[in-house]
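Right, one structure below, let's go through it.
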Amino acid sequence: MFVWISGLFLLIVLSFIHLTQGQADYTVSQLVKEVWVEGRIQDIVLSLRLPRLAIGILAGGALAVAGAVLQTLTNNPLASASTLGINAGAYFFVVASMIFFPSVLGDFPFLVALAGAVLSSVLVVALAGKQMEPVRVALTGMIISLLFSSMTGSLQLLFENQTNGLFLWGSGTLVQLNWNGVSFAGPMIIVLFIVTLGLAKPMDILSLGEDVASSLGQNVRVVKLMAWAAAILLAATTVSVVGPIGFIGLMAPHIVRMLGISGHLHIFLQSFLWGSVMLIGADVLGRLIQPGQEVPVGAMTALVGGPWLLYLAWKTARTHNKGDRQMGGTLKPVKLPVVISIVTILIIVVFALAFSYNGMAWSLEWLKPVVWNFRVPRVLTAFIIGVMLALAGVLLQGVLRNPLADASVLGVTSMGGAGAMLLLVMIPAIPVQFMPFGAAAGAAIALCIILLTSWKNNFQPMLVALMGIAISAFGSAATQVFVVKAKLAVAAALVWLSGSTYGKGWEDVQLALLFVAILIGPAIYLTRSLDALTFGDDVAAGLGLSVRSTRVWALVIGVAISTAGVAIVGTVGFVGLVAPHIARRLVGFRHLPLLIVSGLLGGLLLVSADFIGRIVIAPKDIPSGLVVALIGTPYLLYLLRKMK
Amino acid sequence: MNKYVRTILLVALSAILLVGCSSKKTEDKGSVNEKAESSVTITGSNGEVTLDQPAKKVVVLEWTYAEDLLALGIQPAGMADIQEYHNWVNIDAELSDDVVDVGGRQEPNLEAIAALEPDLIIGVSFRHDAMLKDLEKIAPTVIFNPYPEDESIDLYQEMTTTFKEIAKAVDKTAEADKVLADLDAKYDEAKAEIDKADLKTKDIILTLAYSGPQAPEIRVFTPNSMASQILEKIGLKNIHVPDQFEVFGSSTFNVEGLTKYENANYLFTVQADDNVYEKQLKDNAVWKNLNFVKEDRLFDLGGDTWLYGGPLSAETLLNRIVDTMVNK
């Protein structure tokens, strides 16, 4: 009861403050007096401020309830519409349809968002497998999010003018101009909420375990299906009206449970209330920080929610102690020389193609200044960076004993991006060349957090992966805030963020080679210890290996390599994930051959991506980060499916 | 633990040093060709750029500078984002069909630029600073910054300075002076017409609107912007005063923010396929009850009136203002 009253009280107070905020400055007494008579103030309150408040309450509640449902369904404290990739999928669909079919979006924004939400959640569920094991679900959701957001980012880059207004919405905003949003979303959310409340009892039973539930005569499949549908619909409804807002769905149910609420009926009811409180609170806070300016509310929730997620990840990992998983890999490796020679031939072919074609005309004069100055170093940089990212992937996957780990999953990449953007916001005049410093700082912070939090647990793979996801979510949220703050100057930053081998010259080749020369030695040296680690911590320790120092070193070297790559070409994802996988299927799981073959494959992948990005819409460029995502994801999805 | 922290620091430090060393190599392009009588020196945000002789083939990477060339009667050899240019910029001088598209403004295609063998490349600071070195490998490159951080420079002043610099580069200084003088004459004409017209008020705000999916964003131009300076020259008064210095010359508002200015005339541009006034604001009570809406003091300048740009855009803006305000 006390929880109810305090929640309602907070909601009322916050709502009142919320109504007093806006670009037209009216004092509270003016508002209170004149809102009752026809006129300007009444217009503003009725047609702008009240709908905004209403949509905030509805959206906050809907997201929180969806989060609560998803957490029970997946038995996963880290589940929510944003961590499962639902928001990113819905948002991508909205952006894509806005560019390609503007009239469709105008008529059916909800259907478009719903299609995206359904697609991404089906992908996540199908790939994560029936057990819904928390880390696997979270990682899969993360990868799906990564895929969709990299595609969204690239679209925004390519269609700069059409998507100008989308930055704000991209991180969620409550701005409303009339009651249309409320009258559309309101009934949907209320009906879905009632359906969810009806599901509370069955879900209480379900949480005892599926076997118990079915032995009690419950039709588990129907209940689960309905619960999934309700959660996805709730999330899609909110995305279509207010854009993707993260963290509410994650935090609100936890806060409710922490307040001592149990039983799904009460959890759902209270989640709705506290979700509203949190979202309205975040909106109030955003407008307090920058009066008269629109700070996206999604960014505010992320700033508060990021550290919270970190804490949650830490707690979760401590209770789930078994995180080891099979790395996969063929037991009948193809002979190394065979693999290497085939891959080398492929590389030579792709190099020859890339050197000879600029998208419009073929030419074999590789030494002509135009080609020699621009095309050749660009291709070489792409190759070397590809190698580096793949090496980092091998090390990080080896140390975390998780085939889905790479720099982006560890949060290193997204914190790097956030660091670079922060630099740009603080010093708007700073040349883009200096952004790598920001990136290095951001990546270092991410690594420090991982090292500090995982030290006691002996770098338990599960914990590291979860911390990584949390850091990564925080980093990309922060990046969003900075993108909004930096406004117009953002185009250059976005190019860099999405990863681009554009305009790389001989200096970049030298720099990349230097990095490789420094870091390859330690990487090779580490392969033996990593081999020992594959047998498990106990065996490795029995063999006289210091498990902890191996982990620290592999993490540090892996992060250093990928940060060096990020410093040169920006945040190219997927290479570090995909290349080691393919290699493992070719040469098995011993790390030295793995390292060599992965490196070659990574280089091959990025050179191909660069080539494709250069020629498809020549003379314009598609950032190679996007192309890699497009090439790499189908493979990754196929692989996830196979790794039951 | 200390040992590890130290190694991490070392790795980070060496990485930073490496990046630092490589980017510090500033190029020394000293040897100015003394013997060339006809050499010209122009000044951009990247310093002084000297050409042996006035440029004939120019590649422009930003619309404004293409427009500057057109005003001087010169077609650029190559230009970025030609298709979008036609959507947003409408000026009297036509861009010839044989101008080569060199890719996007953000990441222009270096090979395509090089293939044109230009004498000069013109870029804009907020997009092309990072690739200056690459561009200089192709041809002398000058970068301009249309949005100086210095509050005392108004953006109109910046436009004319840049225009004159570009004119110098292509040896058309006399033409540039004439264009600007003609423009000044037009301001006076326009001012006379505006004075004659029976306007209820000369207070105005000038906006450019575009939409997010559910909320329009409205850029309201500040007195510092080029467009606003033009308005002042023809006797109108921009009454928007921003709370803080806006580098890009506009503040972003939603409809609530417009209530402050409802007694002014409302000048606007909006893209036809993104008409937020028709689609999103039409039924909004606040919008409908703004004085300038109720009294029909809305002046549509057309979506292709570029509120940035050079002297020709300025002229288009001026003509459109006179057309809509005097003849309404």
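Rounded to the nearest 0.05, what FRET efficiency do B:Asp296 and A:Leu197 give with R0 = 45 Å and r taken as the Cβ-Cβ distance? Could you check? Calculated value: 0.30.
Residues A:Arg528, A:Arg551, A:Arg287, arranged from fewest to most other Cβ atoms within 10 angstrom of their Cβ, appear as A:Arg528, A:Arg287, A:Arg551. Cα convex hull, segment A:536-644: 115 Å³ per residue, rounded to a whole number. Relative contact order, whole percent, for chain B stands at 18, derived from Cα pairs under 8 Å and 6 or more residues apart.
Principal axis extents of the C-alpha atoms in segment B:199-263 (largest first, rounded to whole Å): 37, 29, 19.
Selection among A:Leu404, A:Ala446, B:Asn238 by position relative to the dipole of the protein assembly as shown gives A:Leu404 as farthest towards the positive end (Cβ unit charges, Cα centre).
Sorting the Cα pairs of chain A by distance into bins of 10 Å, from 0 upward, gives 3, 16, 26, 25, 17, 9, 3, 1, 0 percent per bin.
The order of B:Phe248, A:Phe374, A:Phe184, going from fewest to most other C-beta atoms within 10 Å of their C-beta, is A:Phe184, B:Phe248, A:Phe374. Distances longer than 30 Å among the Cα atoms of chain B: what percent of all pairs is that? The answer is 44 percent, as a whole percent. Residue farthest toward the positive end of the dipole of chain A, with Cβ of Lys/Arg at +1 and Asp/Glu at -1: which of A:Leu146, A:Leu422, A:Val578? Farthest towards the positive pole: A:Val578. As a length-normalised measure over Cα pairs under 8 Å and 6 or more apart, the relative contact order of segment A:209-301 settles at 24 percent. If only the Cβ of Lys and Arg carry +1 and only the Cβ of Asp and Glu carry -1, the dipole of chain A around its Cα centre is close to 1280 debye.
With R₀ set to 35 Å, the beta-carbon distance separating B:Asp243 from B:Asn87 gives a calculated FRET efficiency near 0.65. Residues of chain B were split at every exposed loop site, defined as GluC sites (Glu not before Pro) in a DSSP loop with at most 14 other C-beta atoms within 10 angstrom, and the longest piece left, sites excluded, is B:152-294. When each of A:Trp455, B:Trp63, B:Trp88 is scored by the number of other beta-carbon atoms lying within 10 Å, the sequence from fewest to most is A:Trp455, B:Trp88, B:Trp63. Using only the alpha-carbon atoms, how far is helix B:2-24 inclined from the longest principal axis of chain B? Give it as 0 to 90 degrees, nearest 10. Taking Cα atoms only, the helix is inclined about 80 degrees. Hey, what angle do you get for helix B:155-169 against the long axis of chain B, alpha-carbon based, 0 to 90 degrees rounded to 10? With rounding to tens, the tilt is 50 degrees. If the segment from B:Thr50 to B:Lys288 were pulled out straight at 0.36 nm per residue, it would be longer than the present Cα-Cα gap by 80.1 nm.
Remark: the B:Ala174-B:Lys279 segment gains 33.1 nm on full extension, using 0.36 nm per residue and subtracting the alpha carbon distance.
Taking the Kirkwood radius as Rh and the Cα radius of gyration as Rg, segment A:2-118 has a ratio of Rg/Rh equal to 1.10. Shielding value for B:94-106 is 3, the average number of Cβ atoms from other chains within 10 Å of each residue's Cβ.
A Stokes-Einstein calculation at 20 °C with viscosity 1.002 mPa s, built on the Kirkwood radius of segment B:256-328 over Cα pairs, returns a diffusion coefficient of 162 µm²/s.
Placing unit charges on C-beta atoms (Lys and Arg positive, Asp and Glu negative, everything else neutral), compute the dipole magnitude of chain B about its Cα centre in debye, rounded to 20. Using only the charged Cβ atoms, the result is roughly 1040 debye.
Size descriptors for segment A:344-392, from the alpha-carbon set: Rg then Dmax equal 11.7, 36 Å.
Legend: calculated FRET efficiency, A:Leu216 to A:Val32, from the Cβ-Cβ distance at R0 = 51 Å, rounded to 0.05, equals 0.40. Relative to the longest principal axis of the Cα atoms of chain B, the long axis of helix B:311-327 lies at roughly 10 degrees. Once you divide the Cα radius of gyration of segment B:197-322 by 2.2 N^0.38 Å, the number left is 0.99. Per-residue mean of foreign Cβ neighbours for A:43-49 is 5 (Cβ atoms of other chains, 10 Å radius). Other protein chain C-beta atoms within 10 Å of residue C-beta, averaged over B:112-119: 3.
Laboratory data are not the source of any read-out in this text; all were calculated from the coordinates shown. Since the model is a prediction, treat every value here as computed from it, not as a measurement. Cβ: placed from backbone, ideal geometry, glycine included. Neighbour counts: every protein chain shown.
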